[in-house]
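The values are calculated or read from the model by the stated rules, or taken from the named source; none is laboratory data. Quantities reported herein were computed from a predicted structural model and do not represent experimental measurements. Note that each Cβ is placed from the backbone with ideal geometry, even for glycine, and that neighbours are counted across all protein chains shown.
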Amino acid sequence: MRPYLLLDIDGVLIPFPDPDGSTPATHARHDVVPTGRSADDPVTIWLNPAHGPMLMDVIRTGLVKPVWCTSWRQDATTLVGPLLGLPSLPHVDLPRPKITTSQPNGYLWKRDHVDVWLGDAPAVWIDDDFTNLDHAWAVERTARGAATLLVQPDPRAGLQAEHLADARAWAEQLPATRTGAPVASSGTEAA
């Protein structure tokens, strides 16, 4: 079974600004209108155009099944992905919790939902907001046979080539993916 490549957006593809408000020089400004928002009130995001080709290099290997795992939900595939030249990707249908921190229970709020969504499927998850409890969860999943790798970019720098190299190297060493030929994304989600 090919592992899922779970992709966050904020802090991964869209870096958080430095204290002075600056973003990396590699990123270009885009104004987007998320679902439920008025066209008169767009959201400004900053994306690195190199991220699309970098992600496509990993996707084309067929080693992973890419899935958005972000509070952008479907807007990830309709707004953010096209700006990077990415194909339509499925997304984990995360709830909209009323929380004031991304770690209300000491770990990433998405984790319980992702755990159910994944079942026993292997996964490499790229998110900037993991805690030690999330890393322990990944170790526990791996120990029970659901190989799990967490990749945590610096939220001010975002995704780097070495993060995707780590994800690819990890996927290549999994027994089920070592001999598999490249396979196109099916666009379906796990049950």
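Tabulated data
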{"item": "Every residue from the stretch 9-51 that is part of a strand (DSSP E or B) and either under 15 Å from Pro82 (Cβ atoms) or touching a strand residue (DSSP E or B) at 6+ places or on another chain (Cβ under 7 Å) (or both)", "result": "Ile14, Ala28, Arg29, His30, Asp31, Val32, Val43, Thr44, Ile45, Trp46, Leu47"}
{"item": "Members of the stretch 35-51 found to be surrounded by fewer than 19 Cβ atoms within 10 Å (Cβ to Cβ) and within 16 Å of Leu13 (Cα to Cα), listed by number", "result": "Val43, Thr44, Trp46, Pro49, Ala50"}
{"item": "Residues (of a type outside the set (Ser, Thr, Tyr), assigned to a helix (DSSP H, G or I) and crowded, with 16+ Cβ neighbours inside 10 Å) located in the stretch 74-111", "result": "Asp75, Ala76, Leu79, Val80, Gly81, Leu83, Arg111"}
{"item": "Residue tally, condition under 20 Å from Leu13 (Cβ atoms), out of contact with any helix residue (DSSP H, G or I) (no Cβ under 6 Å at 6 or more places or on another chain) and of a type outside the set (A, V, I, L, M, F, W, C), over the stretch 135-157", "result": "4"}
{"item": "Residue check, Leu6 modelled with pLDDT of 95 or more, part of a loop (DSSP other than H, G, I, E, B), of a type outside the set (Lys, Arg) and surrounded by 18 or more Cβ atoms within 10 Å (Cβ to Cβ)", "result": "no"}
{"item": "Yes/no for Leu150 being out of contact with any Gly (no Cβ under 7 Å at 6 or more places or on another chain) and not hydroxyl-bearing (Ser, Thr, Tyr)", "result": "yes"}
